[in-house]
Amino acid sequence: MNILELKNVGLTYFSKNGETKALDDISFDVKNSEFVSIVGPSGCGKTTILSLISGLLSPTKGSILVEGQDAKISNKIGYMFQKDELFEWRTILKNIYLGLEVQGKLSEEAKLRVDKLLQKYGLWEFRNSHPSELSGGMRQRAALIRTLALQPKIMLLDEAFSALDYQTRLNVVDDVYKILREEKIASILVTHDLAEAISMSDKIVVLTKRPAIVKSIHQVNLLDIPTPFERRESVESKKLFNKIWEELQ
Amino acid sequence: MKNVIPQSKEYAKYLSKAKRTKIFIIIIQIGILLSLIGLWELLAVTGAIDTFIMSCPSRIVTTIATIAASGELWLHISTTLYEAIIGFVIATALGTLLAMLLWWNETLRRILDPFIVVLNSLPKIALGPIIIIWVGIGTASIVLMDVLIMVIITTLTMLAAFVNCDNGKILLLRSYNANKFQILTKLIIPNSICDFIGVLKVNVGLTWVGTIMGEYLNSRAGLGYLIVYGGQIFNLDLVMASTVILCLLAAVMYFAVAWIEKIIKKRYNN
């Protein structure tokens, strides 16, 4: 079943300097608990697609449906940014409560759920620490739990690993991948890193340069390999890398 | 990470050195103050300076004691202190509220921008006669002068802090469908706490400027009044004595703000 459907979505920006057609015609689906990556030349509007799905922007044409409902009113989407955006004046626990507080959902039940997530993903001892006391990888994990606390059906990852150093990054990718699979959340990753996209995804959407249309969609068949780290080494992923690389040239 | 470090010999040595440096600095500071006072007194006693123009520490103390004996010391101190504190509180609160209003409404911000810039560069003392004619003489006009001196710069500083908030964090809250009020209370205000402390520290100095300036314009009591009065009758002892008391009050108020800063910083872990 499709949890998310984009149909002929287009977006034009208006500014004093004129109008910019960012997205021309974008259509693709995301199935339940599927992991989809969006790649394309820089400036082609990848992040814009995430803003549209999350309802931060409205498309100028086409429609975006989350479980058959308009994305603008849907409350089922979690968003992870390049930076963890943790608030330094709040403890890790209070940071994780942020979304629940804003949406008026900070019930005893929700608190228990957060406690379980903290324990499960190794941040329990750090719940009363402030963000500056944590390493980059732990901070990104805290940001992930903050998003999971709202029980999203779809997770949007906007270059979510780019701010981390390479070694931390490989570990965090494995971490986040495992968590998202365990929680059975459909995910959309936007990234410049083609190898990273291939290592995590079930499906890859390749965009053209601006105004973007969908150039091609590739299925990735690596499910028998458990972690993104190991997938990077497989022959299949290298073949796919070369194929998409050529398309992007 | 806050680890408890086991006390090694080197660490104990490091700590004692830091402590000794701190004590050394305090001793030197007190030393400088005492030698300046001593030198001043010495020059006065030997007749190297004219105490009629320069006054001297012993005469300052005598003057303060005389005012205190007449029972008027507290009247003057409390008058000025009251004006300074009321002005400080009103200007800081009003300026911060105005900044919030301007943050909230961008159109209003753009409309008022040129007016605020002009008001900021206007020397407020020029408004003295207008203030007196409009609100009359007395405490109200002094406090108003004091508030005028602080409020615009408070508004501008806090507005800059509010507007400069990291866009990514705003986007995060918007992705939770947060409304504008939630963005203000959960992000903008706590994020600007450091700037607010900066404003408090600037205002705690400015409020004395405003109050004394107000008292120069018109007053029947207060330290500014004593200074003007002392100047008019050429009683430099009175002028110096009032200035010394003013210094002490300003220091006390500064430390009060430093204490507030400590509490706020502890609460917000900045």
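The values are calculated or read from the model by the stated rules, or taken from the named source; none is laboratory data. Being a predicted model, the structure only gives us computed values, none of them experimental. Here the Cβ is made from the backbone with ideal geometry for all residues, glycine too, and neighbour counts use every protein chain on show.
Being assigned by TED's automatic domain parsing to the domain that holds residue B:93 and in contact with a strand residue (DSSP E or B) (Cβ under 8 Å, 6 or more places away or on another chain), is that true of even one residue in the stretch B:152-168? Please lay out each step first, then the result.
Start the filter on the stretch B:152-168 by keeping residues that are assigned by TED's automatic domain parsing to the domain that holds residue B:93, which leaves B:152-168.
With in contact with a strand residue (DSSP E or B) (Cβ under 8 Å, 6 or more places away or on another chain) added as a condition, the list becomes none.
No, that holds for no residue.
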Checklist line | Count of the stretch A:33-84 residues which are under 27 Å from residue A:243 (Cα atoms), within 14 Å of chain B (Cβ to nearest Cβ) and not polar (S, T, N, Q) | finding: 1
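A quick yes/no check of all residues on (1) surrounded by 15 or more Cβ atoms within 10 Å (Cβ to Cβ); (2) more than 26 Å from residue A:4 (Cα to Cα); (3) in contact (Cβ under 8 Å) with a residue 60 or more places away in the chain:
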{"position": "A:89", "(1), (2), (3)": "yes, yes, no"}
{"position": "A:108", "(1), (2), (3)": "no, yes, no"}
{"position": "A:116", "(1), (2), (3)": "no, yes, no"}
{"position": "A:120", "(1), (2), (3)": "no, yes, no"}
{"position": "A:127", "(1), (2), (3)": "yes, yes, no"}
{"position": "A:141", "(1), (2), (3)": "yes, no, no"}
{"position": "A:144", "(1), (2), (3)": "yes, no, yes"}
{"position": "A:170", "(1), (2), (3)": "yes, yes, no"}
{"position": "A:175", "(1), (2), (3)": "yes, no, no"}
Next item on the list: Considering only the stretch B:197-226, state which residues are within 19 Å of residue B:152 (Cβ to Cβ), of a type in the set (Gly, Ala, Ser) and surrounded by 16 or more Cβ atoms within 10 Å (Cβ to Cβ).
Entry: B:210, B:214
Checklist line | Subset of the stretch B:88-122 [in contact with a helix residue (DSSP H, G or I) (Cβ under 9 Å, 6 or more places away or on another chain) and basic (Lys, Arg)] | finding: B:109
Note to self: Against the definition (touching a Lys or Arg at 6+ places or on another chain (Cβ under 9 Å) and at pLDDT below 90), how does residue A:76 come out, yes or no?
What the structure shows: yes
Note to self: What's the total number of residues in the stretch A:9-23 that are surrounded by 13 or more Cβ atoms within 10 Å (Cβ to Cβ) and of a type outside the set (A, V, I, L, M, F, W, C)?
What the structure shows: 5
Next item on the list: Enumerate the helices (runs of 4 or more DSSP H) found wholly within the stretch B:115-213, keeping only those where 3 or more residues are away from chain A (no Cβ under 14 Å) and out of contact with any His (no Cβ under 7 Å at 6 or more places or on another chain).
Entry: B:128-135, B:139-163
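Filter the stretch A:85-103 for residues that are of a type in the set (Asp, Glu) and part of a loop (DSSP other than H, G, I, E, B); which is nearest to the other protein chains (Cβ to nearest Cβ)?
Ranking the candidates gives A:85 first.
Within the stretch B:227-270, take every residue that is charged (D, E, K, R) and surrounded by 15 or more Cβ atoms within 10 Å (Cβ to Cβ) and give me the one that is nearest to the other protein chains (Cβ to nearest Cβ). Even if it seems obvious, please write down each step before you answer.
Let us first name the residues in the stretch B:227-270 that are charged (D, E, K, R), namely B:237, B:261-262, B:265-267.
Imposing the further condition that a residue be surrounded by 15 or more Cβ atoms within 10 Å (Cβ to Cβ) reduces the set to B:237, B:261.
Numbers: B:237: 51, B:261: 15 Å.
Per the stated criteria, the residue is B:261.
Rundown of residues vs (1) closer than 30 Å to residue A:152 by Cα; (2) modelled with pLDDT under 95; (3) not polar (S, T, N, Q), yes/no style:
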residue	(1), (2), (3)
B:162	no, no, yes
B:167	yes, yes, no
B:178	yes, yes, yes
B:182	yes, no, no
B:194	no, yes, yes
Item checked: Unique residue being more than 26 Å from the chain's Cα centre (by Cα) and in the same structural domain as residue B:150 (by TED's automatic domain parsing) when the list is B:122, B:94, B:108, B:127 -> B:108
Item checked: Checklist (1) loosely packed, with under 15 Cβ neighbours inside 10 Å; (2) acidic (Asp, Glu); (3) touching a helix residue (DSSP H, G or I) at 6+ places or on another chain (Cβ under 7 Å) applied to residue A:183, failing item -> (1)
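Out of everything in the stretch A:153-168 that is surrounded by 20 or more Cβ atoms within 10 Å (Cβ to Cβ) and within 12 Å of the chain's Cα centre (by Cα), what residue ends up being farthest from the other protein chains (Cβ to nearest Cβ)? So that I can check it myself, show each step before the final result.
Pass one, the stretch A:153-168, residues surrounded by 20 or more Cβ atoms within 10 Å (Cβ to Cβ): A:154-158, A:160-161, A:164.
Filter once more, keeping what is within 12 Å of the chain's Cα centre (by Cα): A:154-158, A:160-161.
Values: A:154: 12, A:155: 11, A:156: 8, A:157: 12, A:158: 10, A:160: 12, A:161: 15 Å.
Result: A:161.
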Note to self: Any residue that is buried (at least 22 other Cβ atoms within 10 Å of the Cβ), in a loop (DSSP other than H, G, I, E, B) and of a type outside the set (A, V, I, L, M, F, W, C) - is there at least one of those in the stretch A:194-204?
What the structure shows: yes
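With the structure loaded, tell me whether residue A:125 is out of contact with any Lys or Arg (no Cβ under 9 Å at 6 or more places or on another chain), more than 26 Å from residue A:241 (Cα to Cα) and within 14 Å of another protein chain (Cβ to nearest Cβ) or whether it fails that test.
Details: out of contact with any Lys or Arg (no Cβ under 9 Å at 6 or more places or on another chain): yes; more than 26 Å from residue A:241 (Cα to Cα): yes; within 14 Å of another protein chain (Cβ to nearest Cβ): yes.
Yes, satisfied.
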Notebook entry, point to check: From A:213, A:198, A:204, A:188, which residue is touching a residue at least 24 places away in the same chain (Cβ under 8 Å) and within 14 Å of chain B (Cβ to nearest Cβ)?
Noted result: A:188
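Hey, among the residues in the stretch B:52-88 that are hydroxyl-bearing (Ser, Thr, Tyr) and free of Cβ contacts under 8 Å to residues at least 60 places away in the same chain, which one's nearest to residue B:142 (Cα to Cα)?
If we filter the stretch B:52-88 for residues that are hydroxyl-bearing (Ser, Thr, Tyr), which is where we start, we get B:55, B:58, B:62-63, B:66, B:70, B:78-80, B:82.
Subsequent filtering for residues that are free of Cβ contacts under 8 Å to residues at least 60 places away in the same chain retains B:58, B:66, B:70, B:78, B:82.
On the way: B:58: 32, B:66: 27, B:70: 25, B:78: 14, B:82: 11 Å.
Only one residue fits best here, namely B:82.
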